[in-house]
1. Taking GluC sites (Glu not before Pro) as exposed when DSSP calls them loop (any state but H, G, I, E, B) and at most 15 other Cβ atoms lie within 10 Å, what is the longest stretch of the chain free of them, the sites themselves excluded?
2. For the range 365-371, take each phi angle, set θ = phi - 60°, evaluate the Karplus expression 6.51 cos²θ - 1.76 cosθ + 1.60, and give the result in whole Hz per residue in order, putting x for glycine and proline.
3. With only Lys, Arg, Asp and Glu charged, each at its Cβ (+1 for the first two, -1 for the last two), find how big the charge dipole of the range 135-341 is about the Cα centre; round to the nearest 20 debye.
4. What order do you get for 381, 233 when you list them from fewest to most C-beta neighbours inside 10 Å?
5. Residue 196's amide H: which non-local residues (gap 5+, or another chain) put their own amide H closer than 5 Å, with H modeled 1.01 Å from N in plane and none for Pro or chain starts?
6. Listing 46, 322, 368 from the residue with the fewest other Cβ atoms within 10 Å to the one with the most, what is the order?
7. Share of antiparallel DSSP beta bridges in the chain, in percent to the nearest 5?
8. Candidates (i) 55; (ii) 51; (iii) 38; which is the computed percent of Cα pairs over 30 Å apart?
Amino acid sequence: MTATSTPIRFGVLGMGRAFTLMLPTFLGDKRVQLVAAFDPRASARSAFENVFGGQACATDEALCAHPNVEWIYIATPHQLHTRHVEMAAAHGKHVLVEKPLSITLEEGLRMVQACRKAGVWLVVGHSHSFNTPVLHARQLIAEGQYGQVRMIEALQYTDFLYRPRRPEELDTQQGGGVVFSQAAHQVDMVRLLGGGLVESVRARLGRWDPARPTEGAYSALLSFREGAFASISYNGYGFFDSDRWMDGTGEMGSPKAADAHQQTRARLRKATDEAAEVALKAERNFGGSAFTLPAPTLPAAFQHFGPVIVSCEHADLRLTPSGVEVIDASGTQLLAAPLPAVPRAEVIDEVWRAGREGHPPLHDGQWSLATLEVCLAMLASDASGRDAPLCHQIASP
């Protein structure tokens, strides 16, 4: 693999919610070109041809075999990731797969081994550990001027559980619930900032709405091998909004309405049964009747995943939508960083360094397998009432 200025040719497998969140990146970043796609919805395939001028494939296999595709972006439901990563690797395609890597360690190992055997790159994301403030804080920690990391606090309050869902998204056994979908963000961030090597996990989960029978909240304590610990908490039941503590900036980096969670619950009340809720979700996805293309605007702030504070020996580092705030004995200073030209450009940075420059990705299969192991340990700890040990952890590069 040699450096080149040729855009990376992507095939898209799945054009649901995750794809819509990456759309501003794919539309604005000139380093990528979407040349083919597959989704079971005809409306999505038609919209892809109209927007991108690429080819809509008839099957997932046809997409993976497409001769003009270099990388496959896999944004299918969690339970399909393993099949699709193995399929892409079998056709010699590099892979960018949405988090979580998979829903079992056995499947995750198969995915890592399939890509290794085929000699293709495997990048897992987007998780919010790609965000510039996280990467900047990681760099500051590595430089050592603030001493060792002692403690990390991360929390997030959202309306996750009351956004329109398919039935499997409310079934933990099929990859539903906030541990698989949301803890992957926080675990990836704190592992990156805390050194990567989580030794044990103690967790409690909240399942408080019988009508939506999966976990909608959690708190977990992660103990790192070098002595640091991280507390991560998430509540997706849609009352308090922790974006109030992020300068009113939403997760996607744009200003957010104060009553956004109440609006989410009101929209869901219009879906009178399961079929209506599934239809409501589908119509808001790419190609649906309620979907509109994002406007080509510059990011207003960094994307984020709620308040994160890293306590080091000599300072606290607070991640904000504007950069990293350093609070030490001399006072407080904001270490700002330039905003990316397009949202989530950091994801393409990593794909580009791997695909065009030959550098191993940070968020590779082994890294993401370790993050998945922590998420599964949270489920196991809650079930057993005990600490869950880990054995697949790797250090932050």
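Values quoted throughout were computed directly from the atomic coordinates according to the rules given, and no laboratory measurement underlies them. Remember, it's a predicted structure, so these values are computed and weren't measured experimentally. Counting neighbours? That spans all protein chains shown, and the Cβs are built from the backbone with ideal geometry, glycine included.
1. Values: sites that count: 226, 313, 357.
With GluC sites (Glu not before Pro) excluded where exposed in loops, the chain gives 1-225 as its longest stretch.
2. x, 5, 4, 6, 5, 5, 5
3. That gives a dipole near 400 debye.
4. The order, fewest Cβ neighbours first, is 233, 381.
5. Excluding prolines and chain starts, which carry no amide H, the hits are 396.
6. The most exposed by this proxy come first: 46, 322, 368.
7. About 60 percent, rounded to the nearest 5.
8. Only one option fits the structure, namely (iii).
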